[in-house]
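Worksheet: the structure to be examined is printed underneath.
The values are calculated or read from the model by the stated rules, or taken from the named source; none is laboratory data. Predicted model only: the values in this text are computed from it and were never measured. Every residue, glycine as well, gets a Cβ built from its backbone with ideal geometry; the counts of neighbours run over all protein chains shown. For the accessible areas, the whole protein counts, side chains as well, though only heavy atoms, and no ligand, DNA or RNA atoms are used. Shrake-Rupley method; radii C 1.70, N 1.55, O 1.52, S 1.80 Å.
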Amino acid sequence: MASTQIKVDVQTGELSGDKIGGVTRTVDDLKGLFRDEAARQALDPHTVVYRTQEFAPVPAGQEGGLFWGTTFLEPGRVGDEYFMTKGHHHTQRSRAEFYLTVTGSGALILMDEKRHTVFAPMRPGTLHYIPGNTAHRVANTGDTVLAFLACWPSDSGHNYEIIASHGFSARLRDVGGVPTLVEEP
Ligand code: PAN
Ligand code: ZN
């Protein structure tokens, strides 16, 4: 049986090898994501908010396989909100995921099917299990790059539309220097 192998730099999260893709999301790409759209427009549109790497040993959508990835989320703010990922549901709602933080500090924001939102601190060495049927997003609450490794089923898919149109029920905001979940009106 053929084995497929890549390298993971466990200090930085950087992946190297074959079959590695990924995306970069700039301030310009994230129109409408943050509460304070004027603050987003005041930033240099080319500023990178996050970059991902993804190791896909099987085709996307194939049942039974696994994907591995790293997300590098820059430190920064848009108004009182931290730089964060778009956030998504898995298209196959029941699919779960692991996030393992390797550098930096931040927060994993989770919202269940009843739109109840909670967050959990992320720091090097924390491993979070994201259950199925749970929308997930990460915010960088620190001053350095937050890098985390992720593993998810190859048939999960990503649904961004629901979050783009309805958002999470709460946003993680800097309230007097403390990351605080603030319910959306
Ligand atoms: C992660 C995310 C990654 C980027 O690999 O895709 O952190 O976040 P967005 O996809 O929300 O932009 C994951 O959760 N995969 O399923
Ligand atoms: Zn996911």
- Note on the structure: Measuring from its Cα centre, region 117-177 shows a charge dipole (+1 at each Lys and Arg Cβ, -1 at each Asp and Glu Cβ) which, in debye to the nearest 20, is 160
- Message: Using the crude model of +1 on Lys and Arg Cβ and -1 on Asp and Glu Cβ, and no other charge, please compute the dipole size for region 7-183 relative to its Cα centre, in debye to 20.
- Response: 240
- Note on the structure: So the carbon and sulfur contribution to the accessible area of the chain, 1.4 Å probe, in percent, is 53
- Computed, not fitted: 222 nm per-residue ellipticity of the chain from DSSP H runs ≥ 4 (each -39500 (n - 2.57)), nearest 500, equal to -1500 deg cm²/dmol
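Using DSSP to define loop residues, name the GluC sites (Glu not before Pro) in region 11-95 whose beta-carbon has at most 10 other beta-carbon atoms within 10 Å.
Passing sites in region 11-95 are Glu63.
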- Roughly how compact is the chain, stated as its Cα Rg over 2.2 N^0.38 Å to two decimals? 1.00
- Cα-based radius of gyration of region 1-85 once divided by 2.2 N^0.38 Å, which approximates compact folds: 1.37
- Query: In region 84-183, which GluC sites (Glu not before Pro) are in a loop and have at most 11 other Cβ atoms within 10 Å, using DSSP for the loop call?
  - Reply: Glu113
- Message: Given Cβ point charges of +1 (Lys, Arg) and -1 (Asp, Glu) and nothing else, what value in debye, to the nearest 20, does the dipole of region 35-132 about its Cα centre take?
- Response: 140
- What trypsin sites (Lys or Arg not before Pro) in region 79-143 are in a loop by DSSP, with at most 13 other Cβ atoms within 10 Å of the Cβ? Lys114, Arg115
- Note on the structure: The long-range amide H neighbours of Phe148, using H built 1.01 Å from N in the peptide plane and a cut-off of under 5 Å, are Thr71, Leu73, Val102
- Rg and Dmax of region 116-171, using alpha carbons, in Å: what are they? 12.8, 35
- Whole-number percent relative contact order across region 59-146, with pairs defined as alpha carbons under 8 Å at least 6 apart: 39
- So how exposed is Met84, as accessible area in Å² (1.4 Å probe, rounded to 10)? 10
- Item | Lysine pair count for the chain [Cα-Cα under 28 Å; pairs on different chains or 8 or more apart] | 6
- Query: When ranked by the protection proxy of mean other Cβ atoms within 10 Å per residue, highest first, what sequence do the peptides 170-181, 143-154 form?
  - Reply: 143-154, 170-181
- Message: Can you find, among Ser94, Ile20, Gly65, the residue sitting farthest towards the positive end of the charge dipole of the chain, where Lys and Arg contribute +1 and Asp and Glu -1 at Cβ?
- Response: Ser94
